[in-house]
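Notes follow the structure.
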Amino acid sequence: MDHHTDINSVPQPAPDAGAAAGAKALPILQAEHLSTCFPVKGVAGRTVASVKAVDDVSLTLCRGETYGLVGETGCGKSTLGRTLIRLLEPAGGRILLDGRDITSLSARQLRPLRPKMQMVFQDPYSSLDGRMHIGDILTETLAIQKKGTKKERMELSLNILSDVGLLPEHFYRYPHELSGGQRQRVGIARALLTEPELVVCDEPVSALDVSVRSQIIRLLLELQREHNLCYLFISHDMSVVRYMADRVGVMYLGRLVEEAPTDELFSHPLHPYTQVLLSAVPTPDPRTHRSRIVLDGELPSPLSPPSGCPFHTRCPRATERCRQICPETRELSPGHTVACHCAAE
């Protein structure tokens, strides 16, 4: 059962955090017309079709900011995050890290750049090797990068455990001996050991109890301020994204259909799909009534996406133009872009 985080229980960030940092920041990573495909195997292992999980996505991630990526299950959020840091191979487009094209770099060429790009995974248990002590998991990260002596790697690992709120005794424990929140802290510690510039947070609190979520969110914000980190924060929980993110991108069927500063997106959503997502967010005040927008039809199969606008099969405002022509992304106000024929009408 999915629980929504009560953002009122999360300590508020400092006034100079978040958007202020993002406004002055320089780009760390840029994606230009990025696409990712998965082959569909048939008889005898032959490829009979392909699924375009990410379709022509362009975005920019800046130092010190949090970019929220939202959308329903299967829209391509996690695939995009993994493609951006080259855990998955792109099928088209370009990825620039600090201005350098890393799209076609080999695994060997990528190795020196890996410390700059790290990931916090959704499941804090399966992402940790259950046969290894926490200390071995952390020191192995540094050993792969050939950083420091064995003693220095141990000291760095103990320091990072302290930074994420764990005790030295946790260094010698196995993952199954820790709670879900503690395991996620280990995952965050592992990501920060290499002193990254960009951290992809793939649903980092969705597998945790509500009471633990606010602790992890507070920890992520504190670490961001201390290390000037850029987060790509992937989530389906709009209330968490509203609290965490400086800018938000909305994905549907592999495409980025709307992007805007967080306050702008939540106060003036332009795309019908964004309006649907926001209508489903529960309000903490029972006296406040919000009309829920219920979509007709089923989510189209990515194996055979509809012609024209990918959302037209479920959109209450769809026209014949929407059914035939895929909308281009337009900037309707500073920083607010949308891919919809009807957005300005």
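Of note:
- Fewest-first ranking of 214, 291, 35, using other Cβ atoms within 10 Å as the exposure measure: 291, 35, 214
- On the beta carbon distance between residue 100 and residue 291, with R0 = 35 Å, the FRET formula returns roughly 0.15.
- The trypsin sites (Lys or Arg not before Pro) of the range 142-188 meeting both criteria, a DSSP state outside H, G, I, E and B (loop) and at most 10 other C-beta atoms within 10 angstrom of the site's C-beta, are 146.
- Per-residue Cβ neighbour counts within 10 Å put 271, 336, 176, 133 in the sequence 176, 133, 336, 271, beginning with the fewest.
- With 0.36 nm allotted per residue and the present C-alpha distance subtracted, the residue 169-residue 267 stretch has 30.6 nm of extension available.
- Extension gain from residue 50 to residue 176, taking 0.36 nm per residue of separation minus the Cα-Cα distance: 41.6 nm
- The stretch between residue 307 and residue 43 holds 92.2 nm of extra length on full extension. This uses 0.36 nm per residue minus the Cα-Cα distance.
- Per-residue ellipticity at 222 nm from helix content only, as computed over the chain with -39500 (n - 2.57) for each DSSP H run of at least four residues, stands at -8000 deg cm²/dmol.
- Ranked list, fewest to most other Cβ atoms within 10 Å of each Cβ, for 52, 41: 41, 52
- Size of the range 96-234: Rg and Dmax of its alpha carbons, in Å, are 14.9, 43.
- The mean of 1/r over all pairs of different alpha-carbon atoms in the range 179-327, once inverted, gives a Kirkwood hydrodynamic radius of 17.7 Å.
- Across all directions, the average projected area of the convex hull around the alpha carbons of the chain is 19.7 nm².
- Spatial separation of Cα centroids for the range 237-276 and the range 35-97, in angstrom: 19
- For the residue pairs 52/116; 116/151; 52/147, alpha carbon separations beyond 30 Å are given by 52/147.
- Relative contact order (percent, whole number), the range 135-242, Cα cutoff 8 Å, 6+ residue spacing: 25
- Restricting attention to the chain, close to 65% of DSSP beta bridges with both partner residues there are antiparallel.
- For the range 51-172: rounded, prolate or oblate by the Cα gyration tensor [a/c cutoff 1.5]: prolate
Bear in mind that the values in this text are calculations on the coordinates, not laboratory data. Owing to the predicted nature of the structure, the values given are computational and were not obtained by experimental measurement. Glycine also receives a Cβ, built like all others from the backbone with ideal geometry; neighbour counts cover every protein chain displayed.
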